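The values are calculated or read from the model by the stated rules, or taken from the named source; none is laboratory data. This is a predicted model, so every value here is computed, not measured. Glycine also receives a Cβ, built like all others from the backbone with ideal geometry; neighbour counts cover every protein chain displayed. The accessibility values were calculated without ligands, DNA or RNA, using every heavy atom of the protein model including side chains. Shrake-Rupley method; radii C 1.70, N 1.55, O 1.52, S 1.80 Å.
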Amino acid sequence: MKSTELIASARAAGRVALDEMAGKSVLANFGVAVPKSVIIQDAASAAVAYAKLRPPLALKVVSPDILHKSDAGGVKVGLGSAQEVEAALRAMMQLPAIAGARIDGFLLEEMAPAGQEIVIGGIRDPQFGPMVMVGLGGIFVEVLADVSFRICPVTRLDAEEMLAELKGAVLLDGARGRKPVSRAAIVDALIKVGGEGGLLVTHAADIAEADINPLIVTENGAVAVDARFVLTQ
């Protein structure tokens, strides 16, 4: 489904944000890599869905009432069998924050390979319009606020400068025995999100906030593991 159709469908349903599956579909429409995934409705459909994917898998609740899935207990990772998927789904459905919410289903997806967590975000500024942000994930964004912003559309040079501004940028090059990751893959994702013809520019009138967190980056590429898009009123 096209990104315009996904946004229109969410608005027609009275939603303030895209669900994760729709958000990742929007990213895929703009060329950002996302994990292979399927939506299941209950534990009985877990085995069929599991057979279509390559473990380990992650299971995430999909609900218009739950914006932060982890806080509600709606994320389970490292699932290596259909039985584990079934057990995780049944356990989720018993949690208070999930049992009392409207549930559209459960997202079952392949886990990305280990790498450096990056955050790419966006906001719609009343004066400047869409702006794109990049930062290192984990403690760097949560505690140190190690991020860089630019007004859209950004160029490839802008994106490279944004990375250079990060305090933890040295980690991208393999500091302290870590494997270096692809800066080019991060720059490419930034252009697809905030560049000319990118997601934030194309949907400037519809996207109030964007949060791709994390984007897992390795030596060979980058995969958007989670995506949240808040719609404008």
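What is the chain by shape, rounded, prolate or oblate, if you read a ≥ b ≥ c off the alpha carbon gyration tensor as root eigenvalues and call it rounded for a/c under 1.5, prolate for a/b larger than b/c, and oblate otherwise?
Oblate, since a/c reaches 1.5 and b/c is not below a/b.
So if I place +1 on the C-beta of Lys and Arg and -1 on the C-beta of Asp and Glu, and nothing else carries charge, what would the dipole magnitude of the chain be about its Cα centre? I want it in debye, nearest 20.
About 340 debye.
Share of the chain's accessible area from carbon and sulfur, percent, 1.4 Å?
Ligands and nucleic acids excluded, carbon and sulfur give 54 percent.
Loop-only trypsin sites (Lys or Arg not before Pro) in the range 141-233, please: DSSP not H, G, I, E or B, and at most 14 other Cβ atoms within 10 Å.
Taking the range 141-233 and a limit of 14 other Cβ atoms within 10 Å, the loop trypsin sites (Lys or Arg not before Pro) found are 167, 178.
Averaged per residue, what accessible area in Å² does the chain show with a 1.4 Å probe, protein chains only?
Computed with neighbouring chains in place, this is 48 Å² per residue.
Determine the dipole magnitude for the range 112-213: charges of +1 sit on the beta-carbon of Lys and Arg, -1 on that of Asp and Glu, nothing else is charged, the reference point is the Cα centre, and the result goes in debye to the nearest 20.
Using Cβ point charges on Lys, Arg, Asp and Glu, the range 112-213 gives about 340 debye.
What number, rounded to the nearest 500 deg cm²/dmol, is the helix-based mean residue ellipticity at 222 nm of the chain, given -39500 (n - 2.57) per DSSP H run of at least four residues and division by all its residues?
Numbers: 9 runs with 72 residues, N = 233.
Taking each H run of at least 4 residues, the total per residue is -8500 deg cm²/dmol.
Sequence neighbours fewer than 8 away in the same chain don't count; with that in mind, list the lysines whose C-alpha is under 22 Å from residue 167.
Excluding near neighbours in sequence, the set is 179.
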